[in-house]
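Below is one structure, written out as structure tokens; the observations come after it.
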Amino acid sequence: MKKKSVLVFVSLLFCTFLCMNPSFQQLVEFPEQYQVSQMEPQLNGFWSRIIKVEKIPSSNQIVSVASGKLSNSIGSEKLEVAYKLFGIFPLRSGEVEVMKPMKLIPGGQSIGVTLQTKGVMVVGQAPVVDKSGRKTFPAKDAGIEVGDILLKINNQEVRSDQDVSNAVHLAGEQKGSANVLFKHQDQILEKIVRPIFCVETGRYRMGLFVRDEAAGVGTLSFLDPESKQYGALGHVITDADTNQKIEIFNGKIIASSIYAIEKGKRGHPGEKIGSFVSNSSFMGSIEKNTMTGIFGKMSGAVVNPYFKEAISVGWESEVKVGPAKIYTVIQGEKIEEFNVNIDRVMHNRTDSKNMIVRVTDPRLLDITGGIIQGMSGSPIVQDGKLIGAVTHVFVNDSQRGYGVFIQNMLNETRQLEKNEAA
């Protein structure tokens, strides 16, 4: 009995020593993610004889299923991994996410983006001049602000600026007031607005500038060849006047052609100038506008001449400081390859600023000055794997900008599939 007690005591002391030993802690460091095709956490040699590794499925599984089957594009599962001395005494435990192998077609195509807002966004306020010449602000006085989204006027949905104009005029003529339902930040509010008859236009108005649609040029990031889901831009679409996220009612992407470049310089980001292609070879719906880009389903032919087949995804844990390549259009519809460098990797961020990208390609620097508007979404490939997309340019240094992990973009397509399967 004494021998067993001594053995247990010695084992506990040894266990305590190991747990406090920095070298051992480094030996049993847990990766945040690893692919199932890669080596799993394990020990070798002497350590493998005295320390056992146990792996069991976590209670927090992340397996995305659509239409009753596992998608190629989106899937992972979590394991609880525990290191135990002699298979009995726990030394360390943690959770590891096992990323399933996945392949995507890198984008690079220049795309034209058009979308209609969910409701009508207030982008400005203007005085209404009444019959006496007095300037009034009916909507502002009622508490409606720039950036708010108008949803209903007198229980009628409004989806365009013309809907708003007609509803306000009718309310002014018939009742002298309008019940306006609107979204303010994350709240749905209702206010009574009293439209004023405007002598300049001959209509009742409430003193607002509104916008119901937006358009621009960006870059396609990737296409899943199986699900036909795409990701683009790498960042959220915001209103140009209010800088607020645009809530999308519907929208689409088609091919665009670049016919001019405004070169970037210190303090003034450059810009791609393009036009939509009427006979586009592809078209995509816009179903989500998120912090890491826009997402939806694609139809038609999407071809990147540098990649005949889909390539492997590089997960966050695989992204490293060093050379990489981006793919984008700077003339017409031709995708070109350019050299960049990943200067810094910022792990554990869930937004669109996960790495600092610096343009090193002399030709791209000569033509654009570096990263410019319209380049957002350009795919980043490192060591033959798709690791992310360009998102922002540094205003005071156009050679550098931010990139988003492809993993963060894929999290949004994962949610999109869940919504479809529900």
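The values are calculated or read from the model by the stated rules, or taken from the named source; none is laboratory data. From a predicted model like this one, the values you see are computed outputs, not experimental measurements. Glycine gets a Cβ as well: all are built from the backbone with ideal geometry, and neighbour counts include every protein chain shown. SASA here: full protein model, heavy atoms, side chains in, ligands and nucleic acids out. Shrake-Rupley method; radii C 1.70, N 1.55, O 1.52, S 1.80 Å.
The charge dipole of the range 113-223, taken about its Cα centre with unit charges on the Cβ atoms of Lys, Arg (+1), Asp and Glu (-1) only, comes to about 300 debye. Between the beta carbons of Thr114 and Asn243, assuming R0 = 22 Å, the FRET efficiency works out to 0.65 to the nearest 0.05. Shape index of the range 183-259: Rg/Rh, with Rg the Cα radius of gyration and Rh the Kirkwood radius from the inverse mean 1/r over Cα pairs, equals 1.12. Compared with the direct C-alpha span, the chain from Lys191 to Phe137 gains 18.0 nm at full extension, assuming 0.36 nm per residue. Rolling a 1.4 Å probe across the protein heavy atoms gives the range 159-204 an accessible surface of 62 Å² per residue. Subtracting the Cα-Cα distance of His347 and Lys228 from their residue separation scaled by 0.36 nm leaves 40.0 nm. Give me the percent of accessible area attributable to carbon and sulfur for the range 316-385, probe 1.4 angstrom. Carbon and sulfur: 46 percent of the exposed surface of the range 316-385. A prolate overall shape is assigned to the range 148-212, the ratio a/c of its alpha-carbon gyration tensor axes (a ≥ b ≥ c) being 1.5 or greater and a/b exceeding b/c. Would any residue of the range 204-246 have its amide N under 19 Å from a label point 7 Å out along Cα→Cβ of Lys175? List them or say none. Label zone hits: 204-208. Applied to the range 168-174, the Karplus parametrisation 6.51 cos²θ - 1.76 cosθ + 1.60 on θ = phi - 60° returns per-residue 3J(HN,Hα) values of 5, 4, 5, 5, x, 5, 8 Hz, with x for Gly and Pro. Per atom type, the range 148-252 shows carbon and sulfur on 42% of its accessible surface, probed at 1.4 Å.
Gyration tensor analysis over the Cα atoms of the range 177-307 returns equivalent ellipsoid semi-axes of 36, 20, 15 Å (largest first, whole Å). Rolling a 1.4 Å probe over the heavy atoms of the protein chains gives the range 299-422 an accessible area of 41 Å² per residue.
Inter-part distance, the range 237-313 to the range 159-210, computed on C-alpha centroids, equals 33 Å.
Only protein heavy atoms count here; under a 1.4 Å probe, Tyr259 has an accessible surface of about 140 Å². Within the full protein context, the accessible area of Leu189 is estimated at about 50 Å² for a probe radius of 1.4 Å. Rounded to the nearest 10 square angstrom, Arg349 shows an accessible area of 90 square angstrom against a 1.4 Å probe. With a cut-off of 16 Å, note down the residues of the range 142-165 whose backbone N falls inside the zone around a label point 7 Å from the Cα of Gln125 toward its beta carbon. Answer for this model: 142-150.
When the listed pairs Lys183/Lys297; Lys103/Lys263; Lys245/Lys297; Lys131/Lys175; Lys228/Lys334; Lys100/Lys334 are checked against a 26 Å cut-off, the alpha-carbon distance exceeds it for Lys183/Lys297; Lys103/Lys263; Lys100/Lys334. Computed with a 1.4 Å probe over protein heavy atoms only, the accessible surface of the range 209-277 comes to 46 Å² per residue. Here the range 375-392 is scanned for amide nitrogen atoms under 18 Å from the site 7 Å beyond the Cα of Ser281 along Cα-to-Cβ, giving 379.
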